[in-house]
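Chemist: Here it is, the structure, as structure tokens.
The values are calculated or read from the model by the stated rules, or taken from the named source; none is laboratory data. Just so we're clear, the structure is a prediction, and the values are computed from it rather than from any experiment. So basically every Cβ, Gly included, is an ideal-geometry build from the backbone, and we count neighbours across all protein chains shown.
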Amino acid sequence: MAHRFKSDLTWSDVTPENVFLNRRAFMAGSAAMVAGGIAGPAFAASNYSTKEEPNTWDEITNYNNFYEFGTGKSDPAEYAGALTTSPWKVEIGGMVDKPGDYSFEDIMAAMTVEERIYRFRCVEAWSMVIPWNGFELADLLNMAGVQSGAKYVAFETLVRPEEMWGQKRNFVPWPYREGLRLDEAMHPLTIMATGIYGKDIPNQNGAPMRLVVPWKYGFKSIKSIVKITLTDKQPEASWNMIQPREYGFYSNVNPEVDHPRWSQASERRVGGGLLAKRIPTQMFNGYADEVAGLYEGMDLTKNF
Amino acid sequence: MSHALTPSERINAVLRPIPKWLIYLVGAAPGLYIIVGTVLAFQGVDLFGGSLGIDPVKTIERWLGELAIQFFVATLLISVLRDQFRLKLIKFRRPLGLLTFFYAFLHLAIWAWLDLQWRWAEIWTDILKRPFMTIGMLSLLLLIPLAVTSNNAAIKKLGPVAWQKLHKLAYPAILLGGVHYVMMQRVWETEALIYLGAICVLLGFRVKKHLKVSARA
């Protein structure tokens with residue numbers, strides 16, 4: 001596994017033995033089930049998961065920003081059915097030892113999927129709690145072998161206008177692209193999600209494989225990834241290209257740095273209906289203990 | 001006179017009998033539905049069901065904003081239709097204008113109430129610091145004197161010349177409203193741009209007419 005946090009505890013300390021032993025068998029089984037497209041049972045839980053109540057399947061899969069399928073929140077659920085996600089391959093290249101096309105099946109066979117219940121905070125000041133299934137991005141990058149000079153990871157979404165009608169319009173310079181610093185990408189909180197609630201991730205949520213970086217605004221968590229490039233230069237990021245004044249490269253959740261057009265001090269948790277209470281937004285979306293160290297000494301109002 | 005009726009005259013004949021109160025009633029219905037549904041929600045009664053989607057607050061905000069701009073365009077359209085096609089719809093202009101104000105005000109109220117939940121610090125920073133909010137607010141402020149003077153007593157008191165002059169505020173107000181709509185989107189949204197385009201065309205007609213009138217004077 002990728003470099004976990006240093007702690008005196010090991011998995012055997014926090015996990016009853018029967019569960020621990022079960023987990024290994026469980027993993028092998030569930031990976032096979034995911035590959036076969038069968039909705040598996042709940043995956044092994046993680047101590048990175050929040051205890052907060054997750055949003056419902058309906059909320060998570062019917063309220064999406066995925067401009068490849070239109071700019072309305074319900075557009076992706078309506079139109080993403082047109083997307084073919086099998087076969088699927090991811091081109092991993094740049095500063096890696098083993099560049100090449102990796103098929104989705106080969107990746108899944110090599111990865112350990114677990115459940116991560118994360119807070120998800122959109123830059124538009126709404127939020128959800130989502131029970132993702134996925135594997136740590138670090139494991140995938142290590143599989144390709146990161147070379148020593150690499151400093152950043154660049155990601156690209158599929159371009160296929162005949163199945164993604166939004167790409168016929170050019171309000172976003174396609175392909176949608178995103179990037180992380182290598183230490184952000186290797187952080188154990190950073191995952192590639194392949195499922196939600198133990199089911200295959202639906203197209204509108206970024207099938208078959210999308211990034212999830214829970215301490216950053218949602219748009220950093222790029223969907224339906226076909227290309228990953230290790231590089232020594234800061235990669236381009238779509239929203240930063242569209243409107244650099246409003247969207248920085250880092251885009252860490254930060255209640256003290258407002259979006260130029262609205263406050264980021266608080267958020268509405270989707271699912272509470274008409275009277276949902278607004279809640280204060282937390283620094284790094286509540287993951288400050290885990291990730292604040294990555295940005296030590298940086299001026300976060302400049303590097304927003 | 002025994003000439004055949006022109007299409008405009010036919011339309012005038014059909015529309016003339018429509019009472020003004022019907023425009024008020026039908027026009028205000030969506031707004032009243034939202035007000036009643038929201039008040040009931042606080043009593044624990046769910047009038048809307050799932051009809052407003054996953055995020056009903058945003059749906060309502062957007063819906064009210066769109067109604068405001070649609071009624072505003074309709075209001076401005078009345079005099080353009082009169083000048084271009086001799087359609088006599090002027091009796092509907094006051095109801096349409098007042099409905100514009102009703103929806104613009106409700107749009108702001110729902111935002112402050114359901115979305116920002118009376119967090120005054122955030123409300124004021126939003127209005128004062130964010131250009132798209134400031135522009136929207138300015139548009140609404142310009143509508144206040146128009147709404148207050150949209151009655152016969154005010155016309156009498158001000159006199160027709162001053163009243164007409166005052167109501168030219170509608171032109172900057174609708175332009176600001178259209179700009180607000182375009183600016184609140186994250187990308188250049190076609191629908192918002194179409195509204196802004198329509199507003200500019202209508203304003204073009206009005207300005208052209210005023211130039212002609214003042215040239216003659």
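Chemist: Taking segment B:41-62 as the region of interest, how many residues are farther than 13 Å from B:His107 by Cα and at the interface with another protein chain (Cβ under 10 Å from one of its Cβ atoms)?
Modeler: Matching residues across segment B:41-62 total 12.
Chemist: Condition check: in a helix (DSSP H, G or I), of a type in the set (A, V, I, L, M, F, W, C) and closer than 23 Å to A:Leu275 by Cα. Does B:Ile23 satisfy that?
Modeler: Criteria not met by B:Ile23.
Chemist: Could I ask something else about it? In this structure, is B:Trp124 out of contact with any Gly (no Cβ under 8 Å at 6 or more places or on another chain) and either away from chain A (no Cβ under 12 Å) or part of a loop (DSSP other than H, G, I, E, B) (or both)?
Modeler: It is false that B:Trp124 is out of contact with any Gly (no Cβ under 8 Å at 6 or more places or on another chain) and either away from chain A (no Cβ under 12 Å) or part of a loop (DSSP other than H, G, I, E, B) (or both).
Chemist: Shifting gears a bit: From the list A:Pro175, A:Pro188, which residue is modelled with pLDDT of 95 or more, in a loop (DSSP other than H, G, I, E, B) and within 15 Å of the chain's Cα centre (by Cα)?
Modeler: None of the other options fit; the residue is A:Pro188.
Chemist: Examine segment A:258-272 for a residue that is under 25 Å from A:Val172 (Cα atoms), within 14 Å of another protein chain (Cβ to nearest Cβ) and touching a Leu at 6+ places or on another chain (Cβ under 7 Å), and state whether such a residue exists.
Modeler: No.
Chemist: In addition: What are the pairs with Cβ atoms under 9 angstrom where one residue, in segment A:223-241, is closer than 24 Å to A:Gln204 by Cβ and in contact (Cβ under 8 Å) with a residue 24 or more places away in the chain and the other, located anywhere, is basic (Lys, Arg) and part of a strand (DSSP E or B)? Sequence gap at least six, or different chains.
Modeler: Note: pairs meeting the criteria are A:Lys223/A:Arg210; A:Ser224/A:Arg210; A:Ile225/A:Arg210; A:Val226/A:Lys89; A:Lys227/A:Arg177; A:Ala237/A:Arg177; A:Ser238/A:Arg177; A:Met241/A:Arg177.
Chemist: Out of A:Tyr247, A:Tyr287, report the one residue that is touching a residue at least 60 places away in the same chain (Cβ under 8 Å) and touching a helix residue (DSSP H, G or I) at 6+ places or on another chain (Cβ under 6 Å).
Modeler: A:Tyr247
Chemist: Quick one: in segment A:223-254, which of the residues that are of a type in the set (Ser, Thr, Tyr) and away from chain B (no Cβ under 14 Å) is surrounded by the most Cβ atoms within 10 Å (Cβ to Cβ)?
Modeler: A:Ser224
Conditions (1) surrounded by fewer than 14 Cβ atoms within 10 Å (Cβ to Cβ); (2) touching a residue at least 60 places away in the same chain (Cβ under 8 Å), marked per residue:
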| site | (1), (2) |
| --- | --- |
| B:Ser8 | no, yes |
| B:Ile11 | no, yes |
| B:Lys20 | yes, yes |
| B:Tyr24 | no, yes |
| B:Ala28 | no, yes |
| B:Gln43 | yes, no |
| B:Gly49 | yes, no |
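Chemist: Kindly indicate which of A:Lys220, A:Lys233 is closer than 27 Å to A:Pro131 by Cβ and among the charged types (D, E, K, R).
Modeler: A:Lys220
A quick yes/no check of all residues on (1) exposed (fewer than 15 other Cβ atoms within 10 Å of the Cβ); (2) modelled with pLDDT under 90; (3) within 27 Å of A:Thr56 (Cβ to Cβ); (4) in contact with a Phe, Trp or Tyr (Cβ under 6 Å, 6 or more places away or on another chain):
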{"residue": "A:Pro260", "(1), (2), (3), (4)": "yes, yes, no, no"}
{"residue": "A:Gln264", "(1), (2), (3), (4)": "no, no, yes, no"}
{"residue": "A:Lys277", "(1), (2), (3), (4)": "yes, yes, yes, no"}
{"residue": "A:Gly286", "(1), (2), (3), (4)": "no, no, yes, no"}
{"residue": "A:Asp289", "(1), (2), (3), (4)": "yes, no, no, no"}
{"residue": "A:Met298", "(1), (2), (3), (4)": "yes, no, no, no"}
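Chemist: Looking only at segment A:71-90, how many residues end up being crowded, with 18+ Cβ neighbours inside 10 Å and within 11 Å of another protein chain (Cβ to nearest Cβ)?
Modeler: Number satisfying all stated conditions: 3.
Chemist: Counting just the residues of segment B:187-217 that are outside any loop (DSSP other than H, G, I, E, B) and among the aromatic types (Phe, Trp, Tyr), which one comes out farthest from the other protein chains (Cβ to nearest Cβ)?
Modeler: Taking the candidates together, the pick is B:Phe205.
Chemist: Select from segment A:175-191 the residues that are among the hydrophobic types (A, V, I, L, M, F, W, C), crowded, with 20+ Cβ neighbours inside 10 Å and in contact (Cβ under 8 Å) with a residue 60 or more places away in the chain and list them in ascending order. Give the derivation first.
Modeler: From segment A:175-191, those among the hydrophobic types (A, V, I, L, M, F, W, C) are A:180, A:182, A:185-186, A:189, A:191; that's our starting set.
Retained after the next criterion (residues that are crowded, with 20+ Cβ neighbours inside 10 Å): A:180, A:185, A:189, A:191.
Hits for segment A:175-191 are A:Leu189, A:Ile191.
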